[in-house]
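Student: Next up is a structure, given as structure tokens.
Just so it is clear, none of the values below were taken in a lab; they were calculated from the coordinates. Bear in mind that the values here come from a model prediction, so they are computed numbers and not experimental data. All Cβ positions, glycine included, derive from the backbone under ideal geometry; neighbour counts span all protein chains shown.
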Amino acid sequence: MSKISEMFRGSPFGPLREHMKKVMECVSHTKPMLELVRDADWSGLDRVARTIFKSEHEADLIKDEIRQTIPKSFFLPVYRGDLLGYLAVQDSMADTVEDLAFMLTIKNLTMPKPLVEGVSLYVDRIITTCERTNEVSKAMAGLAEAGFGGEHVDKVIRLVEATEKAEWEADRKQHDLSKDLFALDKEVAATDIFLWFRVFGLLGELANHAEKVADRARRMLAH
């Protein structure tokens, strides 16, 4: 019996927690990537990007094993389809970090000095959103032992609400930063403005996927 199969016997969320750990490995490289762009350290950026590509592939392998292993013949406290949907959105977080790494390495993209502080604050909000979702994942993994009820469910709901707030704050920062970017249209090449706008969008997508993971956790508890 595989490790994933054995984990399903303890909690349906145990295997998804293992997948989330690999997803968060990808996420952990997000801020370093932007700092390397800020510092114009292109060789360092390439190294980090290769690490992300490897971690994303490993996340895919765990995802595929979970899909093949989710029990079909014995009782689960949540719907199998809900678990698969939760897994798919969670995997989208790793996919988005991979897309971001690709975008940042297709050319040597200079970070405009007027945006440096704003980019740092924006990325911090993105990471905070992902970390809140990671807390949801940890709490969900322990729900089986707690009997899927009572104060343990209340804790998950509070964590979901914290994730939603963090994602909202990230959205606001993305809007402000995008306005600052387009205000530089006479100083920054149009192609760079386009690429930076896409980078900001991918970061926003990462936060959106994280919020959706948390929301799916709440919906599963409501069934």
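Student: Got a sec? Charge dipole of segment 3-222, +1 on Cβ for Lys and Arg, -1 for Asp and Glu; which of Ile126, His152, Ala88 is way out at the positive end?
Tutor: Toward the positive end, the furthest listed residue is His152.
Student: Using per-residue counts of other Cβ atoms within 10 Å, averaged over each peptide, order 170-181, 89-100 from highest down.
Tutor: Taking the mean over residues of other Cβ atoms within 10 Å, the ranking is 89-100, 170-181.
Student: Hey, another quick one. If neighbour count is taken as other Cβ atoms inside 10 Å, put Phe13, Phe200 in order from fewest to most.
Tutor: Ranking Phe13, Phe200 by Cβ neighbours within 10 Å, fewest first, gives Phe200, Phe13.
Student: Grab the DSSP H runs of the chain that are 4 residues or longer, score each as -39,500 (n - 2.57), total them, divide by all residues and round the 222 nm result to the nearest 500 deg cm²/dmol. The partial results should precede the final answer.
Tutor: Details: 9 runs with 178 residues, N = 223.
Calculated from helices alone, the mean residue ellipticity at 222 nm is -27500 deg cm²/dmol.
Student: Further question on the same structure: Determine the gain in length on full extension of the stretch Thr110-Lys165; use 0.36 nm per residue of separation and subtract their C-alpha separation, reporting nm with one decimal. Display every interim value, and only then the final one.
Tutor: On the way: separation 55, 0.36 × 55 = 19.80 nm, distance 3.11 nm.
Length gained between Thr110 and Lys165: 16.7 nm.
Student: While we're here: Shape call for segment 107-223 from the C-alpha gyration tensor, a ≥ b ≥ c root eigenvalues: rounded (a/c under 1.5), prolate (a/b greater than b/c) or oblate?
Tutor: Values: a/c = 3.60, a/b = 3.41, b/c = 1.06.
The shape class here is prolate.
Student: Sticking with this structure for a sec: For Lys63, go through the lysines and keep the ones whose alpha-carbon is under 19 Å away, minus same-chain ones fewer than eight residues off.
Tutor: Lys3, Lys21, Lys22, Lys54, Lys72, Lys138, Lys212
Student: Give me the mean projected area, in nm² to one decimal, of the convex hull enclosing the Cα positions of segment 31-114.
Tutor: Details: hull surface 27.7 nm².
For segment 31-114, averaging the hull's shadow over all directions gives 6.9 nm².
Student: If you don't mind, another one. May I ask you to derive the FRET efficiency for Phe102 and Leu61 from their Cβ-Cβ distance with R0 = 22 Å, giving the value to the nearest 0.05?
Tutor: Numbers: r = 20 Å, r/R0 = 0.89.
The formula returns an efficiency of 0.65 here.
Student: Sticking with this structure for a sec: Could you calculate the contour length gain from Glu187 to Glu117, that is, 0.36 nm times the residue separation minus the distance between their Cα atoms, to one decimal place in nm?
Tutor: Details: separation 70, 0.36 × 70 = 25.20 nm, distance 1.78 nm.
Working it through step by step, the gained length comes to 23.4 nm.
Student: In the neighborhood of Met140, defined by Cβ-to-Cβ distances under 11 Å, what is the net charge if each Lys or Arg adds +1 and each Asp or Glu adds -1? Could you put the intermediate results ahead of the total?
Tutor: Numbers: positive: Arg17, Lys138, Lys155, Arg216, Arg218; negative: Glu135.
Charge balance in the 11 Å sphere: +4.
Student: Can you give the charge dipole size of the chain about its Cα centre, rounded to the nearest 20 debye, using +1 on the beta carbon of Lys and Arg and -1 on the beta carbon of Asp and Glu? Provide the component values of the computation, followed by the final result.
Tutor: Details: 31 positive and 37 negative charges, 98 e Å.
Around 460 debye, computed over the chain.
Student: Only counting other Cβ atoms within 10 Å, I'd like Cys26, Cys130 sorted with the fewest neighbours first. Mind showing how you got there, number by number?
Tutor: Numbers: Cys26 26, Cys130 29.
In order of increasing Cβ crowding within 10 Å: Cys26, Cys130.
Student: Further question on the same structure: Would you order Trp168, Trp196 from fewest to most other beta-carbon atoms within 10 Å of each residue's own beta-carbon? Numbers along the way, then the final one.
Tutor: Values: Trp168 14, Trp196 24.
Ascending number of Cβ neighbours within 10 Å: Trp168, Trp196.
Student: Name the residue farthest towards the positive end of the dipole of segment 159-223 from the options Phe182, Trp168, His209, assuming +1 on Cβ of Lys and Arg, -1 on Cβ of Asp and Glu, about the Cα centre.
Tutor: The listed residue farthest towards the positive side: His209.
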